[in-house]
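What follows is a single structure, written as C-alpha cells, with notes after it.
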Amino acid sequence: MTDREGSRWVRGRTALVAFSVVTALAAGGVWFSQASDRASAVDAAPKTAAVQDVKEDAKQSGGLPGVRDCGIGEPEIKPQVITLTCADAGMVATAITWKKYGARDALGVGVVQVEKTAAGVGTESGFPATFRLYGPKPVDGGLAFTGLEVTYEGSTPLGDTTEMYNLA
C-alpha cells in the first residue's frame, strides 16, 4: 500500500463522515421545523386575530359563574374564547370545549393560540391545553370566575407546563 492509496482512504472516510453529519443536521432541522405541526392539531383552530369575531354574548344562567374577558363586560357562561394576555391579545385560549362547568370550577380543553410577535418567531403557533376555571366571586352584580389555570399537553409557548391567569 502506498502513501497515495492511504490518503485516498482517509479522504474517502472524511468525506463519508462529513456527508453523514450534514445529512443528520438536515434531517434534524426538518424534524424541528415541523414541531408545531406534530405538537397539535391546531391548523383548524382560529388564529388570535380571527377569534375576536367568534365570541358569543352569552347571558348569566342558572346561577353559574361566567368569565369576564380581560375583567370587563358581562360574565359569559362557557366561553369558547378567553384572552390570556390582555395588553396585546398575543395569547388567546380558543376552541374551548367544556367537559365540566359547575358553580365552583370548570374544566375544559382547547388550544392556546400565540401570535408571532408574542411567540418571538415568524409564524403563529397553537398549543393544546387543559383549562380550569376557579374562584367564583360576585362581580358587578354577577358571578364570575376569578382565576384560570392552563396546563399544556405538549410543547408550551413560554416553557412552563402550567400557567395561572387572573381573570378579575
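The values are calculated or read from the model by the stated rules, or taken from the named source; none is laboratory data. Just so we're clear, the structure is a prediction, and the values are computed from it rather than from any experiment. FYI the Cβ positions are ideal-geometry reconstructions off the backbone, even for glycines, and counts take in every protein chain you see. Ligands, DNA and RNA are excluded from the accessible area calculation, which covers all protein heavy atoms including side chains. Shrake-Rupley method; radii C 1.70, N 1.55, O 1.52, S 1.80 Å.
At-a-glance table
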read-out	value
Area accessible to solvent at L158, 1.4 Å probe radius, in Å²	100
Simple Cβ-charge dipole of segment 72-168, Lys/Arg +1 and Asp/Glu -1, about Cα centre, in debye nearest 20	340
Amide H contacts of G147 (H built 1.01 Å from N, under 5 Å, at least 5 apart or other chain)	Y134, L167
Pairwise label distance in nanometres, D140 with A103, each label 7 Å out on the Cα-Cβ vector	2.4
Amide proton proximity set for C86, modelled H, under 5 Å, gap of 5+	none
